[in-house]
Structures are given as structure tokens and as C-alpha cells.
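Undergrad: Once you've had a glance at the structure underneath, I'll fire off some questions.
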Amino acid sequence: VRLVESGGGLVQPGGSLRLSCAASGSIFRIYFMAWYRHCPGKERELVATISTSGDAVTRYGNSVQGRFTISRDNATNTVYLQMNSLKPEETAVYSCTAELRRTQVSGLSHYWGQGTQVTVSA
């Protein structure tokens, strides 16, 4: 199983970016996906989560509520993070994670991507 993030880069303060995270490999079902970010010298922070079965229940970190939107495409096992009104302090490596079963009878496992760098700077 692989999770591959894309869409990071350099953006000016107040700008927008859209990140993608595609899961591939031997996957029976994905139940949950999330975005985290890690700034050097700080603890990893939850950005947003989304359930991938049934209704797309979402949850956001307090600092991004109203500016970021998480969405999914179950057909391609891809989750997106639309980030608007970005701030310099949100410069970080953004990583996605998925909770899934590899087969119908296997237990739940968590996988992480390598992350994508987002830099917010003038």
C-alpha cells in the first residue's frame, strides 16, 4: 500500500493550494483518511479528517476551520485538501494517512505518505 501526496509548493500569504493524496496497492476498503502537518520544532498537528465509507463526515482543526476543505473521491482512493487564505505560520510538511483493510479478513492498518512541503511566503 502506498500513499502519495502532491500539490505542495510555494504560495504567497493569502493564497490557495490544493493537495492530493492517492492511495494505491492491495486495498480492500479505506475507512478513514486525514491530513496532518508538521512544522519544524512543533508537534504534528491534525488538519482535517474525512470518513470514506457512507456519508463523508469531516472534522477540522480549530486553526483551519472555515478556510480548508477536505474532500474525497472513493473511486480513485484519493483525498484532497483545499487550502485557502494561507498564512506564513502554516508552512509545514503536509502528510496524509489512511486507515484501511488490505483484505476482507485482515485487521485495520494505518499507512502514511511521505508528505509534501507547503511554504507560505512573500
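Undergrad: Can you pull out the residues in region 107-121 that are out of contact with any helix residue (DSSP H, G or I) (no Cβ under 8 Å at 6 or more places or on another chain) and among the small types (Gly, Ala, Ser)? It would help to see each step written out before you state the result.
TA: In the first step, residues of region 107-121 are kept if they are out of contact with any helix residue (DSSP H, G or I) (no Cβ under 8 Å at 6 or more places or on another chain); the result is 107-117, 119.
Selection gives Gly107, Ser109, Gly113, Gly115.
Undergrad: To continue, here is another question. Provide a single number: the residues in region 103-116 that are modelled with pLDDT under 95 and surrounded by 14 or more Cβ atoms within 10 Å (Cβ to Cβ).
TA: Result for region 103-116: 0.
Undergrad: Mind counting the residues in region 54-99 that are exposed (fewer than 14 other Cβ atoms within 10 Å of the Cβ), among the aliphatic types (A, V, I, L, M) and at pLDDT 95 or above?
TA: Qualifying residue count for the region: 0.
Undergrad: Still on this model: Working only within region 1-53, note down all residues that are more than 10 Å from the chain's Cα centre (by Cα), among the small types (Gly, Ala, Ser), closer than 24 Å to Pro88 by Cβ and buried (at least 17 other Cβ atoms within 10 Å of the Cβ).
TA: Gly8
Undergrad: From the list Arg44, Arg102, Arg67, which residue is basic (Lys, Arg) and touching a strand residue (DSSP E or B) at 6+ places or on another chain (Cβ under 6 Å)?
TA: Residue meeting the stated conditions: Arg44.
Undergrad: Answer yes or no as to whether Ser71 is among the small types (Gly, Ala, Ser), assigned to a strand (DSSP E or B) and in contact (Cβ under 8 Å) with a residue 40 or more places away in the chain.
TA: For Ser71, the condition - among the small types (Gly, Ala, Ser), assigned to a strand (DSSP E or B) and in contact (Cβ under 8 Å) with a residue 40 or more places away in the chain - is not met.
Undergrad: For the list (1) touching a strand residue (DSSP E or B) at 6+ places or on another chain (Cβ under 7 Å); (2) within 28 Å of Pro13 (Cβ to Cβ), I need the number of the one condition that Glu89 fails.
TA: (1)
The values are calculated or read from the model by the stated rules, or taken from the named source; none is laboratory data. None of the values given here were measured: they were computed from a predicted structure. Note that each Cβ is placed from the backbone with ideal geometry, even for glycine, and that neighbours are counted across all protein chains shown.
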